[in-house]
Amino acid sequence: MRIFGAILFLSLAACSDRASAPPSDWTTWSVWVEARYPVGDAEGHGPDTGSDEWARALQQRLGVVDAEGHGPDIGSAEWRAAVEEKIGGAAGN
């Protein structure tokens, strides 16, 4: 019975985390995004979460900028909103 309770608790915690609003500070937001849309591979290879390299890789994969690189400035509120929209994690989605 304890195992079932633990599984239920973890399942509910995971669901509530996915539905939560994005954090406001960059470091926490970056971790929040990485949990939903990993930039690195399963073995931990890739740029450090929250770094400029990570942000550029993320925007490239998501198509936040066009082929010429035009789009919102990395880290701006507009850029973050575009990322959140692309990963389906914006508040209210």
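No lab work stands behind these numbers, since they all come straight from the coordinates. Computed from a predicted structure; not experimentally measured. Virtual Cβ from ideal backbone geometry, glycine too; neighbours counted across all protein chains shown.
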*Among 45, 81, 57, flag the residue with its Cα farthest along the positive direction of the charge dipole of region 21-87, charges on Cβ as +1 for Lys/Arg and -1 for Asp/Glu.*
81
*What does the charge count near residue 57 come to, summing +1 for each Lys or Arg and -1 for each Asp or Glu among other residues with Cβ under 14 Å from its Cβ?*
-2
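Of the listed peptides 24-34, 50-60, what is their order by residue-averaged count of other C-beta atoms within 10 Å, with the highest listed first? Walk me through the numbers on the way to the answer.
Numbers: 24-34: 14.6, 50-60: 16.3.
The most tightly packed comes first, giving 50-60, 24-34.
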